[in-house]
Amino acid sequence: MRPDGRIVTQGALTLAVLAGVFGLAVYAVPHIGPDWAYGADAEDTSAAADETEQPLALPPGLDSAPGGGDAPTTDEPSDSPSPGDQNTGTEALRTWAESLKGLVDIDPRAIMAYGNAELVLAQEKPDCKLSWTTLAGIGKVETNHGTTNGTTLDDAGRPKKPIRGPALDGTNGNKEIRDTDGGKYDDDTTYDRAVGPMQFIPSTWERWMDDADGDGQADPNDIDDVAVVAGYYLCADGRDLTQAEDWYAAIFSYNHKDSYVRNVYDNADAYGRASKA
């Protein structure tokens with residue numbers, strides 16, 4: 001994690017990464033070849049629930065790859081993606097996000113967070129090569145980009161109504177995870193529940209949390225914070241997300257089901273293709 005917790009959308013980085021990465025269509029999900037075998041499905045836990053299991057093999061048919069969209073350019077730094085911040089770097093992210101309206105089914109406020117997370121990881125973990133489309137693929141599956149159950153994101157990037165997963169009480173295919181946070185994040189003092197737009201379990205959030213937008217609070221309900229933290233999580237263990245095995249392992253670590261990996265892939269692929277229309 002960045003020790004100061006600040007956003008890294010600086011002008012030169014925005015120009016170099018957004019123009020170079022999005023504009024030249026660096027792919028988030030690599031080609032996965034025909035040699036595969038399904039691994040056994042794990043429990044259908046919420047996001048980032050258990051970091052010990054590993055996928056047994058690659059799933060079939062993931063043989064296309066999403067690319068990025070057009071890029072904003074700026075010569076000024078941005079310390080926060082908050083829509084209330086008027087500096088040029090933030091406005092460039094906003095302009096880029098707004099340019100994708102009608103191409104992808106994502107609130108521009110969420111796109112800003114995903115794009116900013118790519119920029120942060122490009123500086124902090126450049127060998128990982130994380131793309132915003134992979135984060136968007138996860139965000140779609142988890143909470144429809146922070147809009148599940150009829151809520152929407154506010155200007156600060158938080159759902160207007162709290163998003164909580166079901167109690168992880170050992171039923172309905174979920175693991176049993178007794179309360180680890182005293183209800184601090186998930187408002188449940190008996191069992192843990194996944195929290196926020198990217199559905200982090202409290203114990204996982206405590207391990208990985210970061211105040212990515214520099215507002216003084218590492219908040220699992222803040223899409224700016226969770227997009228960056230999810231990026232760090234996916235990039236763990238020296239993964240290169242342009243490599244098939246690493247990309248699959250990263251998504252599988254988020255939720256241990258091949259069907260989950262498939263859904264994330266399909267959404268990431270669709271966003272990559274649509275954003276280049």
Quiz item: Taking the Cα centre of region 139-212 as the origin and placing charges on Cβ (Lys, Arg +1; Asp, Glu -1), which of Ile177, Gly157, Gly146 is farthest toward the positive end of the dipole?
Solution: Gly146
Exercise. For Glu124 and Lys160, compute 0.36 nm times the residue count separating them, minus their Cα-Cα distance, and round to one decimal in nm.
Key: 9.9 nm
Quiz item: Taking Cα centroids, how far is region 240-262 from region 165-204 in Å?
Solution: 22 Å
Exercise. Would you mind checking Lys101/Lys175; Lys140/Lys175; Lys125/Lys160; Lys101/Lys129; Lys129/Lys257; Lys160/Lys184 for any pair whose Cα atoms are more than 30 angstrom apart?
Key: Lys101/Lys175; Lys125/Lys160
Self-check item: Given charges at beta-carbon only (K, R positive; D, E negative), |dipole| of region 150-268 in Debye
Solution: 480 debye
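Each value in this text was obtained by applying a stated rule to the coordinates, not by laboratory testing. Bear in mind that the values here come from a model prediction, so they are computed numbers and not experimental data. Neighbour counts run over all protein chains shown; Cβ positions are idealised from the backbone, glycine included.
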